[in-house]
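Chemist: So that we are looking at the same thing, I have put the structure below in structure tokens.
The values are calculated or read from the model by the stated rules, or taken from the named source; none is laboratory data. Nothing here was measured: the structure is a model prediction, and the numbers come from that model. Because the Cβ atoms are built from the backbone with ideal geometry, glycine has one as well, and the counts that use them run over all protein chains shown.
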Amino acid sequence: MDSYHILGINRKTDDSEVRRAYLELVKLFPAERYPEKFSRINEAYNTLKDEESRIRYYLFNQSPLITSPFEAVMDNFSMLKKRTPLSLDKMKVYLRKCAK
């Protein structure tokens, strides 16, 4: 299942909002009472908790909204409202980090 759907957030959510959504869900579904739900929430949070994790999710999750690694990286940078074009060198560094 889609990690964004599990956390109830959209693709433009930043790190702090991802964490806020996670903490709210953990309070509603504690591990002692809802172990399976808690596990899915925790896995979704770890998938989306920071920018690098989200890029890795875009690149390696077979999302129908993202059709290529290049599109995933460009989509992420456009969501962050970065106005400078992404250089090929920066993209190579990003892709290498994500592939580790």
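Chemist: Find all pairs meeting these conditions: Cβ atoms under 6 angstrom apart; at least six residues apart or on different chains; first residue within region 45-56 and over 15 Å from residue 17 (Cβ atoms); second residue not hydroxyl-bearing (Ser, Thr, Tyr).
Modeler: As it stands, the answer is 55/76; 55/98; 56/98, since those pairs meet every condition given.
Chemist: Considering only residues of region 45-82 that are part of a loop (DSSP other than H, G, I, E, B) and closer than 20 Å to residue 15 by Cβ, which is modelled with the lowest pLDDT?
Modeler: Of the residues in region 45-82, the ones part of a loop (DSSP other than H, G, I, E, B) are 49-50, 61-68, 80-82.
If we keep only those that are closer than 20 Å to residue 15 by Cβ as well, we get 49-50, 61, 63, 66, 80-82.
Details: 49: 90, 50: 87, 61: 69, 63: 54, 66: 56, 80: 56, 81: 57, 82: 50.
Out of the qualifying residues, it is 82.
Chemist: While we're here: All but one of (1) surrounded by fewer than 13 Cβ atoms within 10 Å (Cβ to Cβ); (2) outside any helix (DSSP H, G or I); (3) modelled with pLDDT of 80 or more hold for residue 23, so report the exception by its number.
Modeler: Of the numbered conditions (1) surrounded by fewer than 13 Cβ atoms within 10 Å (Cβ to Cβ); (2) outside any helix (DSSP H, G or I); (3) modelled with pLDDT of 80 or more, the odd one out for residue 23 is (2).
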